[in-house]
Amino acid sequence: MPRSPEPMPLRVAVVGTGRVATALAHGIAGLRGQPCAAEDLDVELIGVAGRDEAAAHDLAAACRTSALPLAVATAGADLVVLAVSDDAIPAVAARLAGAGAPVRAGGAAVHVSGATGRDALTPLAAVGWATGCWHPLQAFATRRSRIDPGSLWTVTADPALTRTVTALTARLGGQAHPLADDHRAVYHAAATLAVTSAVAGIAQAQALLSRCGLGDAPTVPALARLVAGSLAGVAEVGPAQGLTGPLVRGDLGTVRRHAAALAEQPPARDLYAASGRAVIPLLAERGLAPEVTAALAGALDGPPGT
Ligand SMILES: NC(=O)c1ccc[n+]([C@@H]2O[C@H](COP(=O)([O-])OP(=O)(O)OC[C@H]3O[C@@H](n4cnc5c(N)ncnc54)[C@H](OP(=O)(O)O)[C@@H]3O)[C@@H](O)[C@H]2O)c1
């Protein structure tokens, strides 16, 4: 009896040569030769395209794939991943869909922007491509950043493309969850809030430590380690149970001393008070009495008149 033919791999082209494109190209190329169970999606990186052709050649060589001219990135791909700056997505989609660019029937394209909707890919949808958003909830700080297995990804797409992208995410070690298009802005604001508030806290703390005479000490890596340790606990047991510090201990005297010490340092004082107020609702979950939390909340604003 003849054997049924092997299923064709999903042929993926990555557009862009920046931080996320580099991580994706390496991640997908890294699947080559990896054992793939029958129920897993087989994936092949067919090439990398970018407006900077030299950068595309370098990335393609590093990933042992082809550098594709931008206008034909869609030609042989089942899935084109646009990993370009948010504002460039519509223009790149128009270029890919435009006259002269061969567009494969049944193809699909996704962008990896968190805040941008599917409508940024309208030019490709208009020529019959399935379109969607596929966003890694991960920070890619440099072109050396790589996909973190275990990352959460969100997908905004029709059911068939959602299934494909979810299977691709699983091959990359991540977990994909559907996200409605009209939630994307709040979703991305949440991700930005989490990262920006941590970085803002470290920047303000570094300035305060410099004023304490620690300007020559490696305070930024030390603070980043301090935060990472705290966040490891939060990842394990959640924000309320993972919170450490004087607020959760109910140490009113310490909070008063902090607020007084920061009274003349407006940016640090304001951030200390705002972040403290934001965690006050968590204190009830740790069993602090309402009158204690009320006193702590009042102390965050510092001595009267500051
Ligand atoms: N970085 C993160 O932490 C992160 C996390 C999740 C999602 N994302 C999303 O990933 C996408 C890429 O971000 P990134 O951080 O990788 O940015 P990036 O490192 O700045 O790279 C941007 C890429 O877009 C290309 N590009 C910009 N304008 C273009 C245009 N008009 N035509 C063609 N290519 C153009 C750039 O080409 P040149 O090199 O020629 O300028 C570069 O390859 C964005 O949608 C972003 O929201 C980023």
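The values are calculated or read from the model by the stated rules, or taken from the named source; none is laboratory data. Please read all numbers here as calculations on a predicted model, not as lab measurements. Reconstructed Cβ throughout: ideal geometry from the backbone, glycine too, with neighbour counts over all protein chains shown. Note: areas computed on protein heavy atoms with side chains; ligands, DNA, RNA excluded. Shrake-Rupley method; radii C 1.70, N 1.55, O 1.52, S 1.80 Å.
Checking G174 against (1) on the phi < 0 side of the Ramachandran plot; (2) surrounded by fewer than 16 Cβ atoms within 10 Å (Cβ to Cβ); (3) of a type outside the set (V, I, T), which single condition isn't satisfied?
All conditions pass for G174, except number (2).
Is there any pair with a first residue in region 203-219 that is over 18 Å from Y272 (Cα atoms) and outside the structural domain of D270 (by TED's automatic domain parsing) and a second that is surrounded by fewer than 16 Cβ atoms within 10 Å (Cβ to Cβ) and modelled with pLDDT under 95 whose Cβ atoms are under 7 Å apart and which are 6 or more apart or on different chains, and what are they?
none
Please return the ranges of helices (runs of 4 or more DSSP H) entirely within region 75-191 where 3 or more residues are away from the ligand (no atom under 13 Å from the Cβ) and either over 20 Å from R19 (Cβ atoms) or free of Cβ contacts under 8 Å to residues at least 60 places away in the same chain (or both).
Details: elements: 89-97, 122-126, 159-171.
The qualifying helices (runs of 4 or more DSSP H) are 122-126, 159-171.
Confirm whether A60 is in a strand (DSSP E or B), open to solvent by less than 40 Å² (accessible area, probe 1.4 Å) and of a type in the set (G, A, S).
Values: in a strand (DSSP E or B): no; open to solvent by less than 40 Å² (accessible area, probe 1.4 Å): yes; of a type in the set (G, A, S): yes.
Criteria not met by A60.
How many residues does region 259-300 contain that are of a type in the set (D, E, K, R) and either in contact with a strand residue (DSSP E or B) (Cβ under 8 Å, 6 or more places away or on another chain) or farther than 26 Å from A203 by Cβ (or both)? Steps first, answer last, please.
The first filter runs over region 259-300 and keeps only residues of a type in the set (D, E, K, R), leaving 264, 269-270, 277, 285-286, 291.
With the extra rule that they be either in contact with a strand residue (DSSP E or B) (Cβ under 8 Å, 6 or more places away or on another chain) or farther than 26 Å from A203 by Cβ (or both), the set shrinks to 285-286, 291.
Selection size over region 259-300: 3.
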